[in-house]
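The values are calculated or read from the model by the stated rules, or taken from the named source; none is laboratory data. No experiment lies behind these values; they were computed from the predicted model shown. Virtual Cβ from ideal backbone geometry, glycine too; neighbours counted across all protein chains shown. Side chains included, ligands, DNA and RNA excluded: accessible areas come from the protein's heavy atoms. Shrake-Rupley method; radii C 1.70, N 1.55, O 1.52, S 1.80 Å.
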Amino acid sequence: MIMKRWNEKGFYRYVLALALPIMLQNGITNLVGLLDNMMIGRIGTEQMSGVSIVNQLLLVYNLAIFGATAGPGIFMSQFHGSGDAEGMRYTFRFKLLACLFMWAAGTAVLLLFGTPLAQAWIHGDGVDDTALTLRSAEEYLRVMLFGLLPFAVKELYASTLRENGETVVPMQASVAAVLINLGLNYVLIFGKLGAPVLGVTGAAIATVISRFTECAIVMLHTHRHADRYPFTRGVYASLRIPGVLTGEMLRKSLPLVLNELLWATSQTMVSRCFAERGLQVVAAYNISSAVTGVSSAIFLAFGSAAAILMGNLLGAGALDDARKTAPRIIRFSALVCAAVGLLQIGLSGLFPQLYNTSADIRDLARWFILINGCFQPFFAVSNSAYFTLRAGGSVFITMVFDSAYEWLVATPVAAALAFLTSCPILGIYLAVLLTQAFKAVLGIVYVRRGKWVRNLTVGAGA
């Protein structure tokens, strides 16, 4: 069996070999996002809040694209495990069509409803402050719309490479993109090297250019190495996908797309509940999110590694190995993220001091970062459990565990405390994170039940 070639140390080396490139990719992206955030914060708190609001809206689109690739990605990973290039080719086409549909829908929604959606976040005491925040949000969104398509295509290729066990190239593309983004931010936001001072518009231009760069790198690599990715040969010759496989992927994909959309909108609604306490909370939460996003790269990477490893094992028919491996990955990710959480707690007072904003906002951000650090192990467990359940195609259980839980538990807790009580924001934030601790326990229960242990590729590629 596959697992017999791994001793304990060998297993952890293999998991780290999968996780580290994704970790570095996400970590560098979020680190540059943190620096990005600081640069915009140097302009003013209102501009930083406007950009933060737009990014909350874009999160829904980003996760819709993620969902569009996640469902067929289950099949891609398992087809790779079974060595079925034709099945992978069909799956890639399905992912392409799904991403294009999500891009068209997302663009239409943001064009038509971007401004009123942004207005829902803005609650301040001064008319000038709220007007400037909304104007900044509109300026930023107007340019960011041009980056929606390259983001979708990049995710199509990057997710496919990861499902083929190639995690280094997406990381390299991400590193190149974020360095370009960082450099252009400095030039365009502040008007350096003879460029005009563009503020939030400059930040958006830099981000869009970096997205086109990242997209180009992963596309060129994939098609230049057809020997390593034989499914690329003739992949665009037609859009043919066998009816049986299309039905199976739709059956698995639609619930996952719906799950990602529901999860993203739940997070957006929780953020909106926080905003009920005023623009100072929006600014502080934005600062903390930029910092905690760097930590989240760790547990997200372990989740992606779990999805790749579980998918390959299930596709190869090593069902017992998959069942035994899942708890080991979850324990490993929890231990690593506990250490990350301690580091985050220790540095919680440092990062907010780097922002050009009021002392009250910096202090509130410090508390957000500190509280979040205490829950890092729980985030790790629930995230790894989610990807494990998804790898076996258990879409109903995945939805119950993920988006349904967020809408039925976490979001109502945030809404009730924000709109029906005078509870301070830190109390609301702590209550929401406590729901995530219980979710981690629920994830362990679902994984131990083992109903997710299934091979989906048998007979699906015909």
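Within the full protein context, the accessible area of L179 is estimated at about 110 Å² for a probe radius of 1.4 Å.
Working from label points 7 Å from Cα in the Cα-to-Cβ sense, the R448 to L335 distance is 1.9 nm.
Extension gain for the segment L59 to F190, taken as residue separation times 0.36 nm less the Cα-Cα distance, is 44.6 nm to one decimal. Using a 1.4 Å probe on the protein chains only, how many percent of the accessible area of the chain belongs to carbon and sulfur? Here carbon and sulfur together make up 67 percent of the probe-accessible area. Computed over protein heavy atoms with a 1.4 angstrom probe, the accessible surface ordering of F92, F438, F379, largest first, is F438, F379, F92.
Working note: Cα gyration tensor of segment 40-130, eigenvalues times five, square-rooted, sorted largest first, giving semi-axes of 40, 14, 8 Å. Residues in the chain average 40 Å² of solvent-accessible surface per residue, probe 1.4 Å, ligands and nucleic acids excluded. Sorted largest first, the principal axis extents computed over the alpha-carbon atoms of segment 183-295 equal 53, 42, 24 Å. Full extension of the chain between L111 and F438 yields a length gain of 113.9 nm, computed as 0.36 nm times the residue separation minus the alpha carbon distance. Accessible surface of L342, taken over heavy atoms with a 1.4 Å probe and every protein chain present, rounds to 130 Å². Distance from the C-alpha centroid of segment 160-221 to that of segment 384-419: 32 Å, rounded to the whole angstrom. Note on L239 and E138: with the Förster distance fixed at 35 Å, the Cβ-Cβ geometry gives a FRET efficiency of about 0.40. What the phi angles of segment 349-362 give under the Karplus curve with 6.51, -1.76 and 1.60, with θ = phi - 60°, is a coupling list of x, 7, 4, x, 5, 7, 9, 8, 8, 6, 5, 5, 5, 4 Hz, glycine and proline written as x. With each label modelled as a point 7 angstrom along the Cα→C-beta vector, the L97-L343 pair spans 4.4 nm. Using heavy atoms of the protein chains and a probe of 1.4 Å, the accessible area assigned to L354 is about 80 Å². The 1.4 Å probe gives accessible areas that order H221, H80, largest first, as H80, H221. Dividing the helix sum by the residues of the chain, where each DSSP H run of 4 or more adds -39500 (n - 2.57), gives a mean residue ellipticity at 222 nm of -27500 deg cm²/dmol. Can you pick out the pairs among K324/K439; K95/K192; K252/K324 whose Cα atoms lie more than 30 Å from each other? Too far apart for the 30 Å limit: K95/K192.
Across all Cα pairs in segment 304-433, the calculated P(r) in 5 Å bins from zero up to the longest distance comes to 2, 10, 14, 14, 16, 15, 12, 8, 5, 3, 1, 0 percent per bin.
What range in the chain is the longest one free of trypsin sites (Lys or Arg not before Pro) that are in a loop by DSSP and have at most 14 other Cβ atoms within 10 angstrom? Free of exposed loop sites, the longest segment is 241-450.
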